[in-house]
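Reviewing the structure listed below.
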Amino acid sequence: MQDLAPIGVYDSGVGGLSVLRAIGQTLPREHLLYVADSAHVPYGEKTPEYVRQRALAIADYLVSRQAKAMVVACNTATAAAIAALRARHPGLVIIGVEPAIKPAAHLTRSGVVGVFATTGTLASAKFAALVQREAPEIRILFRPCPEWVLQVERGDIHGAAAARVAQEPVRELLAQGADTLVLGCTHFPFLHDAIQAAAGPAVPLLETGGPVARRLRHQLQQHGRLAAAGAGAVELLTTGDAARLGRMAALLLDLPAAAAQVPADWC
Ligand code: DGL
């Protein structure tokens, strides 16, 4: 079966582009509709209710565009809103992202895992349940890194400033015995090189773009909704500055797609 309806991929800003990249590689024939809620970034320090309302508004927009699936490419929004999204749109394939606690628990030899994420993710009941379920025997160290979100939003990911901002949080968690680090925010893969340099080459950094893309493919397959013969396309939308999103996509993904604004009556 052939289904050319778009797949919505959404984040507070440009972080979800790390997930979009993985989806594009796994499902190259799909029409991907990326929404950056840049007028409201960052989500990490806002209340769960605020983040939930944003997620619901964006889901309504995606449904108005006949999306066949929605990927919440944001750990913070997944923690705050995935249940509300599923309740509001029971017919939609909805995939969220969660920090890679399960693979980290398998990989660690020291029994100590470090997790970088937003304050909202780390404070959520969903995260507590994930740790309890997947890593009850492991010591999990948390470090909120709102400064990393802002660093990526500025597009300053390769220089001395990125190296500097990565240093302290990594040093803190390694000093407490962590031998495996989880990048529990979709912005952080864009700082991968700076974080790896701070951690040293032997420390695994775990992210979730690949597994999310495979879960999406599996679910679309089960619903008979894959675009088996589409040409593939990426459409970039934002609640903020469209030209800026276009520049960021070129910088972060080498993706020369034009960006536009989400119609004002929607978000
Ligand atoms: N990229 C988001 C996440 O995965 C949120 C970053 C933010 O807006 O604070 O949690």
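We did not get these values from a lab; they are worked out from the coordinates using the rules stated. Just so we're clear, the structure is a prediction, and the values are computed from it rather than from any experiment. Counting neighbours? That spans all protein chains shown, and the Cβs are built from the backbone with ideal geometry, glycine included.
Derived value for the range 65-204: Kirkwood hydrodynamic radius 15.8 Å. Basis is the mean of 1/r over every pair of different alpha-carbon atoms.
Dipole magnitude for the range 174-267: computed about the Cα centre from +1 point charges on Lys and Arg Cβ and -1 point charges on Asp and Glu Cβ, it is near 320 debye.
Amide H contacts for His31 (H built 1.01 Å from N in the peptide plane; partners 5 or more residues away or on another chain; cut-off under 5 Å): Ile7, Ala233. Each of His158, Gly184, Ala257 was scored by the projection of its Cα onto the charge dipole of the chain, and the greatest displacement toward the positive side belongs to Gly184; charges sit on the C-beta of Lys, Arg, Asp and Glu.
Of the residues Thr208, Thr118, Thr26, the one that moves most in a GNM of the chain with alpha-carbon contacts below 10 Å is Thr26.
Of all beta bridges DSSP finds with both residues in the chain, what is the antiparallel percent, to the nearest 5?
Working: 1 of 34 bridges.
Here the share of antiparallel DSSP bridges comes out near 5 percent.
Across the range 136-143, computed HN-Hα scalar couplings (Karplus, 6.51 cos²θ - 1.76 cosθ + 1.60, θ = phi - 60°) run x, 9, 9, 7, 10, 9, 10, 9 Hz from first to last residue, x flagging Gly and Pro. Using equal-weight Cα scatterers in the Debye expression, the normalised intensity of the chain in log10 at q = 0.12, 0.15, 0.16 Å⁻¹ is -0.68, -1.07, -1.21.
Listing Val14, Val63, Val234, Val152 from fewest to most neighbouring C-beta atoms within 10 Å gives Val63, Val234, Val152, Val14.
Across all Cα pairs in the range 21-143, the calculated P(r) in 5 Å bins from zero up to the longest distance comes to 2, 10, 19, 19, 17, 15, 10, 5, 1, 0 percent per bin. In order along the range 81-95, the Karplus-derived 3J(HN,Hα) couplings, from 6.51 cos²θ - 1.76 cosθ + 1.60 at θ = phi - 60°, round to 10, 5, 5, 5, 5, 5, 5, 6, 10, x, x, 8, 6, 10, 10 Hz, and Gly and Pro are given as x. For the chain, the relative contact order works out to 29 percent when only alpha carbon pairs closer than 8 Å and six or more residues apart are counted.
What is the fewest-to-most order of Asp254, Asp3, Asp60, Asp11 by other Cβ atoms lying within 10 Å of their Cβ? Each step should come with its number before you reach the end.
Values: Asp254 8, Asp3 16, Asp60 13, Asp11 30.
Listing Asp254, Asp3, Asp60, Asp11 from fewest to most nearby Cβ atoms yields Asp254, Asp60, Asp3, Asp11.
In units of 2.2 N^0.38 Å, what is the alpha-carbon radius of gyration of the range 43-103?
With N residues counted in the range 43-103, Rg over 2.2 N^0.38 Å equals 1.10.
Between the Cα long axis of helix 209-222 and the first principal axis of the chain there is an angle of about 40°, rounded to the nearest 10.
Put the Cα centre of the range 93-142 next to the Cα centre of the range 201-267 and the gap is 24 Å.
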